[in-house]
1. Let me spell it out: the conditions are (1) over 22 Å from residue 5 (Cα atoms); (2) more than 14 Å from the chain's Cα centre (by Cα); (3) assigned to a loop (DSSP other than H, G, I, E, B), and residue 89 meets all of them except one. Which number is the exception?
2. Looking at the range 30-42, which of its residues are open to solvent by less than 100 Å² (accessible area, probe 1.4 Å) and either free of Cβ contacts under 8 Å to residues at least 12 places away in the same chain or of a type in the set (Asp, Glu) (or both)?
3. Taking interchain pairs and intrachain pairs at least six residues apart, which have beta carbon atoms under 9 angstrom, with the first residue in the range 56-75 and of a type in the set (Phe, Trp, Tyr) and the second at pLDDT below 90?
4. Does residue 69 count as in contact with a Pro (Cβ under 8 Å, 6 or more places away or on another chain) and outside any loop (DSSP other than H, G, I, E, B)?
5. Within the range 8-29, track down each residue that is within 26 Å of residue 110 (Cβ to Cβ), open to solvent by less than 60 Å² (accessible area, probe 1.4 Å) and among the hydrophobic types (A, V, I, L, M, F, W, C).
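The values are calculated or read from the model by the stated rules, or taken from the named source; none is laboratory data. Bear in mind that the values here come from a model prediction, so they are computed numbers and not experimental data. Because the Cβ atoms are built from the backbone with ideal geometry, glycine has one as well, and the counts that use them run over all protein chains shown. Just so you know, the surface numbers come from the protein's heavy atoms only, side chains and all, with ligands and any DNA or RNA stripped out. Shrake-Rupley method; radii C 1.70, N 1.55, O 1.52, S 1.80 Å.
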Amino acid sequence: GEALTPVAGLPPPPALLLTPPVAVPPPPVFRGLRQKENPPMPADLPGFATPTDCARWLATQRNDLEPPARAAAPVIDSVLAEIAGDPDCLLARMSGSGATCFGLFETPAQAQAAAETLSTRRPDWWGAPTLRR
């Protein structure tokens, strides 16, 4: 998960990253994967005019590692609930094999405001907005 490749046509959705102070080692998460033959994401992604369009499409996708990661670290449920509880959050999901989660927002100001609110409520969690423009 360290190598990132930009996706053509993907708008830079403002996001909030939030991580609880819990280690979630990948080996147990991968061992907990029940089904390993799930269909892959489509080779050609649809075009997205706005971050909301992107979030709506992503809501139809899945992270197969989320159920075993949530079983290994139930705090992930709380992280996702905190992010999704923000009224401006378009989508809250877990990233990779956990425990970092993210929320997508329409504007950088909304992502920044959510980061500030959550840092006050959960000062022991690491959080940061991604404000790429």
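1. If we test residue 89 against (1) over 22 Å from residue 5 (Cα atoms); (2) more than 14 Å from the chain's Cα centre (by Cα); (3) assigned to a loop (DSSP other than H, G, I, E, B), just (2) comes out false.
2. Hits for the range 30-42 are 39, 42.
3. Matching pairs, first to second residue: 57/45; 57/46; 57/48.
4. No; evaluated as a whole, the condition is false for this residue.
5. 15, 16, 17, 18
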